[in-house]
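Enquirer: Quick one: structure below, then a few questions.
The values are calculated or read from the model by the stated rules, or taken from the named source; none is laboratory data. Small disclaimer: the values here were computed from a predicted structure and weren't measured. In this analysis, Cβ positions are derived from the backbone assuming ideal geometry, glycine residues included, and neighbour counts consider all displayed protein chains. Calculation scope for accessible area: heavy atoms of the full protein, side chains included, ligands and nucleic acids excluded. Shrake-Rupley method; radii C 1.70, N 1.55, O 1.52, S 1.80 Å.
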Amino acid sequence: MKAVVITTAGGPEVLQLQQVNDPEIKDDEILIKVEATALNRADTFQRNGSYPPPKGASPYLGLECSGIIQAVGKDVSRWKVGDQVCALLNGGGYAEKVAVHGGHVLPIPPGVSLKDAAGLPEVACTVWSTVFMMSRLSAGETFLVHGGSSGIGTFAIQIAKNKGATVLVTAGSEEKLAFCKKLGADVCINYKREDFVARAKEETGGKGVDVILDCIGASYLQRNLDSLNFDGRLFIIGFQGGAVTEIKLNTLLPKRLTVQGAALRPRSTENKAMVVSEVEKNVWPAVAAGKVKPIIYKSFPLSEAGEAHRLMESSEHIGKILLVP
């Protein structure tokens with residue numbers, strides 16, 4: 001098969017499409033003929049050498065995909081050859097075929113094309129596990145998501161609104177904010193022109209928001225804490241603004257704040273299977289009903305993976321970027 005290979009750690013130019021061996025499946029895995037894979041920010045970190053794949057994972061990039069099942073391991077009972085599916089991957093999506101654990105696979109929701117479904121697994125599993133399973137966002141609460149126009153952001157807006165929350169977003173251009181508004185965001189904040197702490201307070205009658213999903217990290221940490229209501233929950237899923245900072249601990253105690261962090265990829269096989277199962281139960285009905293849609297910005301052929309990475313790193317996109325074999 002063909003797969004995108006990182007020839008050496010570096011910029012987008014190090015990605016090359018090469019002929020490689022087909023993956024071999026274990027008894028609890030399935031083999032998918034890839035229809036499409038979607039980019040994630042972690043792919044760019046793996047490419048430049050700062051985010052190595054976990055032990056036993058595919059050496060190739062790609063944390064999600066959609067496609068058609070070509071082979072099924074003997075311990076897999078739910079899936080059969082020919083099924084159209086999407087999947088959460090440990091890696092290997094930037095290829096014509098990929099092996100994945102049977103418990104990390106989802107059916108294609110009604111109304112979503114096989115290609116576009118490649119943009120669902122990572123965002124759905126990330127947002128559901130962090131915002132809902134761990135931060136317990138509930139109807140009537142207020143939710144702030146940074147990077148509202150990203151793949152994570154565009155999904156988080158839709159599912160949070162579907163579950164009855166009031167949604168605030170930050171983004172860096174009027175075009176991006178207008179798109180977030182169209183998706184249902186109640187309050188859209190241009191972080192380049194406005195202080196998001198002041199706006200969050202203003203829009204909540206001085207209280208602050210209940211839950212924040214943050215991909216920025218260090219440079220936003222104190223401001224995020226300042227933006228939270230009593231019993232507020234901050235969930236950190238990225239470090240685009242650095243990984244080391246200082247905070248005032250006396251912000252945490254009086255307001256009973258919770259700060260959590262998580263990544264999907266390092267989780268155990270069993271934990272991921274549990275998250276995937278919860279997503280199918282709680283998120284897939286909203287997708288099937290057309291209330292939550294994958295937001296696809298652009299598709300590239302697999303041979304142009306470098307160009308796709310350049311687009312992602314420019315942050316000019318809204319939603320997900322796909323690669324198609």
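Enquirer: With each label point set 7 Å from Cα along the Cα-Cβ vector, what nm distance links M1 and K26?
Expert: Once both label points are built, they end up 1.7 nm from each other.
Enquirer: On the protein heavy atoms, probe 1.4 angstrom, tell me the percent of accessible surface of the chain carried by carbon and sulfur.
Expert: Carbon and sulfur: 51 percent of the exposed surface of the chain.
Enquirer: Pairs of Cα atoms under 8 Å, at least six residues apart: use those to get the relative contact order of segment 135-261, whole percent.
Expert: 21 percent.
Enquirer: Using a ≥ b ≥ c from the Cα gyration tensor of the chain (square roots of the eigenvalues), is it rounded, prolate or oblate, where a/c under 1.5 gives rounded and otherwise the larger of a/b and b/c decides, a/b for prolate?
Expert: Cα axes put the chain in the prolate bin.
Enquirer: Additional query: Please go through segment 101-150 and write out the chymotrypsin sites (Phe, Trp or Tyr not before Pro) that DSSP classes as loop and that have at most 11 other C-beta atoms within 10 Å.
Expert: none
Enquirer: Take peptides 16-29, 218-231 and line them up by average Cβ neighbours within 10 Å, highest first, as a rough protection proxy.
Expert: Top to bottom by mean Cβ count within 10 Å: 218-231, 16-29.
Enquirer: So in the chain, what percent of DSSP beta bridges are antiparallel if you round to the nearest 5?
Expert: 50
Enquirer: Which pairs in the list K33/K291; K55/K291; K55/K176 are over 32 Å apart, alpha-carbon to alpha-carbon?
Expert: Distance filter (> 32 Å) returns K55/K291; K55/K176.
Enquirer: Mind pulling the angle between the C-alpha long axis of helix 151-162 and the longest principal axis of the chain? Nearest 10 degrees, somewhere in 0 to 90.
Expert: 60
Enquirer: Another question, then. Please tell me the relative contact order of segment 203-289 in percent, rounded to the nearest whole number, where contacts are Cα pairs under 8 Å and at least six residues apart.
Expert: So the answer I get is 26 percent.
Enquirer: In addition: Going by average Cβ neighbours within 10 Å, how do the peptides 291-298, 95-102 rank, with the highest at the top?
Expert: Listed from highest to lowest mean packing, they are 95-102, 291-298.
Enquirer: Shifting gears a bit: Can you tell me which lysines have their Cα less than 23 Å from the Cα of K255? Leave out same-chain residues fewer than eight positions away.
Expert: Reachable lysines: K201, K207.
Enquirer: A follow-up question, please. State in Å² the accessible area per residue of the chain; use a 1.4 Å probe, count heavy atoms of protein chains only, and round to the nearest integer.
Expert: Dividing the accessible area of the chain by its residue count gives 42 Å².
Enquirer: Apply 1/(1 + (r/R0)^6) to the Cβ-Cβ distance of E270 and T8, taking R0 = 25 Å, and write down the FRET efficiency to the nearest 0.05.
Expert: Efficiency, from the Cβ-Cβ distance: 0.10.
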